[in-house]
Amino acid sequence: MPTIKPSVSLSEFSQELLGPYTKSERNPIGLSPAINMILERYDWIVGNSLPALNQDEWQLLLNIYSGSELSSYNPPYRIASDMMDSLGIIEVGEAPDQYQALIKKCYVMTQAQQLAILDKCQRFWSSKPKEDEPFMAFIERL
């Protein structure tokens, strides 16, 4: 893939986070390699943290987050609570049957697993399937 040179503004937090990678006396690297390395690590952790979900579970989750600005979801992640809020319920038992098991499943997920789900949802809503691509193949490709 060819490289591009976009103009990027880094927040103070991002600059502080990148500092140890770019200012190391033992192994200094440039800003671009540091950013690329961190993105590769992020993609790896997200890909390896994604819990196994079936088509019905993905459709329920995608419906919960449809129309949401997923980039604004900050830790701690609370998918089970987001589902209950979306349904307007306080108790899990108030949820329709198809949601109850998924709410319970999401409640015990790690933060990395929940981040992976939110990342996949954002990629889904920002992408288009290939012509005649089955739903689950599209999900897996993202």
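Readers should treat all values here as calculations from the given coordinates under stated rules, not as data from a laboratory. Note that the structure is a prediction, hence the values are computed from the model and not measured. Positions of Cβ are backbone-derived with ideal geometry, glycine not excepted, and every protein chain shown enters the neighbour counts.
Observations on the model:
- Partner lysines for Lys130 [C-alpha distance under 25 Å; skip if fewer than 8 residues away on the same chain]: Lys120
- Thr22, Thr110 arranged by Cβ crowding within 10 Å, fewest neighbours leading: Thr110, Thr22
- Length released on extending from Glu16 to Ser32, taking residue separation times 0.36 nm less the Cα-Cα span: 4.3 nm
- Charge dipole magnitude, Cβ of K and R +1, D and E -1 - the chain, Cα centre, debye nearest 20: 540
- Straight-line reach from Lys5: taking Cα to Cα under 20 Å and skipping same-chain neighbours fewer than 8 places apart, the aspartates and glutamates in range are Glu40.
- Annotation for region 94-138: trypsin sites (Lys or Arg not before Pro) lying in DSSP loop with at most 16 further Cβ atoms inside 10 Å of their Cβ are Lys130.
- Think of the chain as a dipole: +1 on every Lys or Arg Cβ, -1 on every Asp or Glu Cβ, centred on the Cα centre; then among Ile45, Pro134, Ser7, Ser7 lies furthest on the positive end.
- Qualifying GluC sites (Glu not before Pro) in region 16-72, DSSP loop, other Cβ atoms within 10 Å at most 13: Glu25, Glu69
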